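No value in this document is a laboratory result; all are computed from the given coordinates. Source: prediction; values computed, not measured. Cβ atoms come from the backbone with ideal geometry, glycine included; neighbour counts cover every protein chain shown.
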Amino acid sequence: MLPFTFLARILSSHLSSDKHLTLLFTILEGADTASLRANIVITLGDLSVRFPNLVTPYASKISKRLRDRDIRVRFDLSPICILVVLS
């Protein structure tokens, strides 16, 4: 499972976020467990508030998760999509 320290490090600085954002989306697309996908989606929501210019180019990848097979991921993603669209 993705360590919490990795997610915290991504949120800590602009340079770290920019460098690891593609890795985060790669992990999101390949994750087997719904809880991991949901945690990454929540992290993306935090990133969209803190660094909206970094997350906005990935809006299409974020919106793909609206068709996730697990309801929890879709539920966590709906307010985040609103944040990304409004930013």
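With θ taken as phi - 60° and the Karplus curve 6.51 cos²θ - 1.76 cosθ + 1.60 applied, the whole-hertz 3J(HN,Hα) list for segment 28-43 is 4, 6, x, 5, 8, 8, 5, 5, 5, 4, 5, 5, 5, 5, 5, 4 Hz, x standing for glycine and proline. Apply 1/(1 + (r/R0)^6) to the Cβ-Cβ distance of GLU29 and LEU86, taking R0 = 25 Å, and write down the FRET efficiency to the nearest 0.05. E(calc), rounded to 0.05, equals 0.55. Between ASN53 and HIS20, the distance separating the two model label sites (each 7 Å from Cα on the Cα→Cβ line) works out to 2.2 nm.
The phi torsions of segment 73-82, fed into the Karplus equation with coefficients 6.51, -1.76 and 1.60 and a -60° offset, translate into couplings of 5, 5, 5, 5, 7, 4, x, 5, 4, 5 Hz, rounded to whole numbers, with Gly and Pro shown as x.
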